[in-house]
Amino acid sequence: MNNRLDAVTAPVNKIIRFSSVDGPGNRTAIFLQGCNFDCRYCHNPETRRFCIGCGKCVKTCPAGALSQTPEGQVRFDPAKCVSCDTCIKVCEHDASPRICEMTAEDVMKEVRWQQPYIRGITVSGGECSLHPRFLKELFEIAQKEALTCFLDSNGSYDFSKDPELMAVTDSVMLDIKAFSPEDHLNTTGAGNKTVLANAKYLAEIGKLFEIRTVVAPDLFDVTETVRCAGEMLLPYLQKGAKIRYKLITYRPMGVREKYRNMRIPTEEEMMGLKMLLTDMGWDDVVIT
Amino acid sequence: MKPITMERVENTRQEILDTIKSATLTHEQKVCTLAGKADSLLEVLDLPEGLSELLDQPIETQCICDLFEGHAPMRPRYIIPDYEKFMKEGSKFLQLDPPQDIYEAINSLLIFYKHVPSITNFPVYVGALDKLLDPYLKDVDDETAKKLLKLFLIHVDRTILDSFSHANLGPEPTRAGRLILEVERELEQAVPNITLKYDPEITDDDFAIEAVKTSLKSAKPSFANHKMFTSELGEDYVIASCYNGLKLGGGSYTLCRMILGNIAKRAKDLKDFKENQLPYVMDIMARYMDARIKFEVEESGFFENNFLAKEGFIHRDRFTAMFGMVGMAECVNILMEKEGKAGRYGHNKEADALGVEIMEQIKAFNDAHTNPYCEVTGGHFLLHAQVGIASDLKVSPGTRIPIGEEPEELLEHLRHCSLFHKYFPSGTGDIFPIDTTAHKNPEFILDIVKGAFKEDLRYLSFYASDSDVIRITGYLVKRSEIEKLRSGQAVLQDTTALGLGATDNGKVQQRRIR
Ligand code: SF4
Ligand code: SF4
């Protein structure tokens, strides 16, 4: 990719041209590599960390799409890749060899290809907010081209301290992984003070599109989390904010071996959580 | 009238007896088939020399197909009555005054439908239902309106026994339109086929989203590019039968189709195809259509005697004819092979460019051919991407990419469509089954429609990959009815049999799900 020295780049794991699940309408979703949380149920752990050049995937790639420089750096040839995902399955370091360092303009070139079919872009991860300067540059260009710009974030970055980024961000989809600090620590390895502050801040400025909770009953008190998160944001709903609450059923697909045996919540449990929210006054609750 | 051989008479007599004894045809289907058999014994048309060698052939070699229009066309293939005029003025022949309320309006329409002939013996167009009914709904509440619309639409489904029957909605949002969409979502019926004339500048998003939701439940409405159709046919166009753009108060005399793949088989190489084979077949088909039209207009007496014409619900000078084609994919692939090239249609730039080149040649031919009775379309036929028939084997509809070979990415598929849709004012379309568990987001579909129409796509249909009503090629059939017929039971609608054939021969249930 075109790595100009003056432009900020971000490590791009993948770009999905048409996505129906990353915000309103049809959007191009851009997944950045690297995350600062360690969610036990992470279902794409290969986006968490960076390649250390161990070379294991290079040997197993069936298409010869991977090679290694004498210095040990892994090179990826997208033209040869057959998208078999062998590399990310064999990697023991929660990484992927298929990462491209891209500038905002590099990404926009990919985005423009599917114009006029999309209404916007969503940057996801990994954790996208680890790259605020890249996001600002990308969103500035995208907004000029009449695309709405969404962030999909774990909430660890204090958005209220970055008005420049918020000025070019149309809305945010925010994870509330657990409500009590202990539960959050147990689920993600990190605290949630900033997450909850972000939820309120974003709701206040009308840029909170969606709250999501992955319902994994073995990890945290799901009822308490959903109830408290619901109650915390209720005043904003009452003031007219439109926020969706998405309840995601924990499923073991893609989850790391050691966390794969957690209990899957039943359909009734999911419906119960939905009822909890609708009884409270939430009218847009989605179960997936 | 020309004589025919005794052998042909005997064969036909046997077919007549088989029809009478058929276990799977309903009474109406038998009567209709028998009429066709009688007509097949006539020879009244002045046929161009060489036609028979191209027409009377099995599907592997047939180059021209007249889609069962018969030997002595007694009425135009597609008839598009001006229902608005009927609602305003009533009909002397039918002894009906203009309706005064919704009850009378619905009753009048249901009566009228039984008197609209077409190739199928059922009306291929049942009107812009939202516009026709909206004024009459102002005096009833939503609940009553829905009940009435429901009864009306059930009546249509159970008496118009053929899903080549089309209602139109939009582009303006109306209360009637909304209620019809709601009711269709509940009914999940195959008839009528429905199209939303869609223009994002006229149709608001709310109404369009209602349409998407209904299409993911009952495989209709489809979306027609209103701007595109209006620019070609004027404001008073309608969508009839499968997806055919035609003039209100007119229609199409005839539709014949070239089977392009079989024309390619005749050719030595690409040069021979372009310089000899294709021009030869186009010329014969055009003259065959001219002969059919001449008989309909000058001899059949239809336009002098039928009440639709006498009372001005249709006008002879608003009819045109449809110059159809199928099998572009096979044609391009065969020609690429003959040229020793590997690229395949839908996956290779050179192959697709060849498809466009062939379309340009067909268009140029059509632009140069004139027929005195097609005044409404400048004296020319309209090109039509025919959707195929049940017995087609290895013949892809119109310019579609064969099922099973669709590009992996939806975007690439749409881009391919955008190369071809613009050539067909009298209809083309592509169909996309949608995985609704993955896409719980109707705005997603609407964004795709919006983008597609900006890129010159004409007509798009969606259905949920798990729904009972599915779109076969252009028409709708219930999967459950196909299964009934497969097990040897009679079914109400004749299109179910076509759906069964298309499922077995055309693999429609194996379309790539998006
Ligand atoms: S991606 Fe993983 S397996 Fe491949 S070289 Fe890097 S660390 Fe090793
Ligand atoms: S997905 Fe990975 S292993 Fe498979 S071909 Fe691509 S680079 Fe190689």
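The values are calculated or read from the model by the stated rules, or taken from the named source; none is laboratory data. Fair warning: this is a prediction, and the values are worked out from it, not measured in the lab. Here the Cβ positions follow ideal geometry from the backbone for every residue, glycine too, while neighbour counts run over all protein chains shown.
General remarks:
- Taking residues in the stretch B:152-166 that are at pLDDT 95 or above, and partners anywhere that are surrounded by fewer than 23 Cβ atoms within 10 Å (Cβ to Cβ) and in a strand (DSSP E or B), not one pair has Cβ atoms closer than 9 Å while being at least 6 places apart or on different chains.
- Residues satisfying the stated conditions in the stretch A:99-113, i.e. more than 16 Å from ligand 2 (Cβ to nearest atom) and in a loop (DSSP other than H, G, I, E, B): A:TRP113
- Subset of the stretch B:113-131 (residues that are crowded, with 22+ Cβ neighbours inside 10 Å and assigned to a helix (DSSP H, G or I)): B:LEU129, B:ASP130
- Tally of residues being among the acidic types (Asp, Glu) and touching a helix residue (DSSP H, G or I) at 6+ places or on another chain (Cβ under 6 Å) across the stretch A:152-161: 1
- Annotation: of all residues in the stretch B:377-393 being surrounded by fewer than 24 Cβ atoms within 10 Å (Cβ to Cβ) and at negative phi, the one that is nearest to the other protein chains (Cβ to nearest Cβ) is B:LEU383.
- Meets criteria (in a loop (DSSP other than H, G, I, E, B) and either away from ligand 1 (no atom under 13 Å from the Cβ) or within 14 Å of another protein chain (Cβ to nearest Cβ) (or both)) for A:CYS149: no
- Residue check for A:PHE50: within 14 Å of chain B (Cβ to nearest Cβ), closer than 30 Å to A:ILE264 by Cα and at pLDDT 90 or above: no
- The residues of the stretch B:438-464 include none that are more than 14 Å from every other protein chain (Cβ to nearest Cβ) and at pLDDT below 85.
- So A:PHE159, is it within 14 Å of chain B (Cβ to nearest Cβ) and closer than 18 Å to A:ASN198 by Cα: no
- Counting only strands (runs of 3 or more DSSP E) that sit wholly inside the stretch A:177-288, not one has at least 3 residues that are touching a Lys or Arg at 6+ places or on another chain (Cβ under 6 Å) and on the phi > 0 side of the Ramachandran plot.
- Per this entry, A:SER96 is counted among residues that are within 12 Å of ligand 2 (Cβ to nearest atom), touching a residue at least 40 places away in the same chain (Cβ under 8 Å) and part of a loop (DSSP other than H, G, I, E, B).
- Hey, A:VAL12 in the same structural domain as A:MET262 (by TED's automatic domain parsing), within 16 Å of ligand 2 (Cβ to nearest atom), among the aliphatic types (A, V, I, L, M) and more than 25 Å from A:THR288 (Cα to Cα) or not: yes
- When the stretch A:47-74 is filtered for residues that are among the charged types (D, E, K, R) and within 8 Å of ligand 1 (Cβ to nearest atom), only A:LYS56 remains.
- Filter result for the condition that a residue is under 13 Å from A:SER156 (Cα atoms) and surrounded by 19 or more Cβ atoms within 10 Å (Cβ to Cβ), over A:THR188, A:THR213: A:THR188
- Checking each residue in the stretch A:118-146 for being within 14 Å of chain B (Cβ to nearest Cβ) and under 30 Å from A:GLY254 (Cα atoms) picks out A:ILE118, A:ARG119, A:GLY120, A:ILE121, A:THR122.
- Taking each residue of the stretch A:52-76 that is among the basic types (Lys, Arg) and looking for partners that are more than 9 Å from ligand 1 (Cβ to nearest atom) with beta-carbon atoms closer than 6 Å, six or more apart or interchain, yields A:ARG75/A:SER67.
- Some residue of the stretch A:100-123 being over 26 Å from B:PHE444 (Cβ atoms), in contact with a Lys or Arg (Cβ under 9 Å, 6 or more places away or on another chain) and either in the same structural domain as A:ALA10 (by TED's automatic domain parsing) or within 16 Å of ligand 1 (Cβ to nearest atom) (or both): yes
- If the condition is being surrounded by 20 or more Cβ atoms within 10 Å (Cβ to Cβ) and not in a loop (DSSP other than H, G, I, E, B), then the stretch A:152-176 contributes A:ASP152, A:SER153, A:PHE159, A:SER171, A:VAL172, A:MET173, A:LEU174, A:ASP175.
- Among the residues of the stretch A:20-47, those identified as farther than 18 Å from A:VAL214 by Cα, within 14 Å of chain B (Cβ to nearest Cβ) and assigned to a loop (DSSP other than H, G, I, E, B) are A:SER20, A:PRO24, A:GLY25, A:ASN26.
- Per the listing A:ASP152, A:ASP85, the residue uniquely within 16 Å of ligand 2 (Cβ to nearest atom) and either charged (D, E, K, R) or modelled with pLDDT under 95 (or both) is A:ASP85.
- Output for the stretch B:317-345, where each listed residue is surrounded by 23 or more Cβ atoms within 10 Å (Cβ to Cβ) and not in a helix (DSSP H, G or I): B:PHE319, B:THR320, B:ALA321, B:MET322, B:PHE323, B:GLY324, B:MET325, B:VAL326, B:GLY327, B:TYR345
- A:ARG17 being away from chain B (no Cβ under 14 Å), within 24 Å of A:SER171 (Cα to Cα) and among the charged types (D, E, K, R): no
- Flag if A:VAL58 is of a type in the set (Val, Ile, Thr), within 16 Å of ligand 2 (Cβ to nearest atom) and within 14 Å of chain B (Cβ to nearest Cβ): no
- Selected residue (criterion: modelled with the lowest pLDDT) from residues of the stretch B:394-409 that are within 19 Å of B:LYS507 (Cα to Cα) and within 14 Å of chain A (Cβ to nearest Cβ): B:GLU408
This table checks each residue for (1) of a type in the set (A, V, I, L, M); (2) in contact with a Phe, Trp or Tyr (Cβ under 7 Å, 6 or more places away or on another chain).
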| position | (1), (2) |
| --- | --- |
| A:ALA216 | yes, yes |
| A:ASP221 | no, no |
| A:ALA241 | yes, no |
| A:LYS246 | no, no |
| A:GLU257 | no, no |
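- One residue from A:ILE52, A:ILE88 being surrounded by fewer than 20 Cβ atoms within 10 Å (Cβ to Cβ), outside any loop (DSSP other than H, G, I, E, B) and among the hydrophobic types (A, V, I, L, M, F, W, C): A:ILE88
- With respect to (1) under 30 Å from B:PHE444 (Cα atoms); (2) more than 15 Å from ligand 2 (Cβ to nearest atom); (3) of a type in the set (A, V, I, L, M), the lone exception for A:ILE52 is condition (1).
- When the stretch B:11-37 is filtered for residues that are of a type outside the set (Ser, Thr, Tyr) and over 25 Å from the mean Cα position of the chain (by Cα), the ones remaining, listed by number, are B:ASN11, B:ARG13, B:GLN14, B:GLU15, B:ILE16, B:LEU17, B:ASP18, B:ILE20, B:LYS21, B:ALA23.
- Filtered by the rule that a residue be over 20 Å from the mean Cα position of the chain (by Cα) and charged (D, E, K, R), the stretch B:480-504 gives B:GLU481, B:GLU483, B:LYS484, B:ARG486, B:ASP504.
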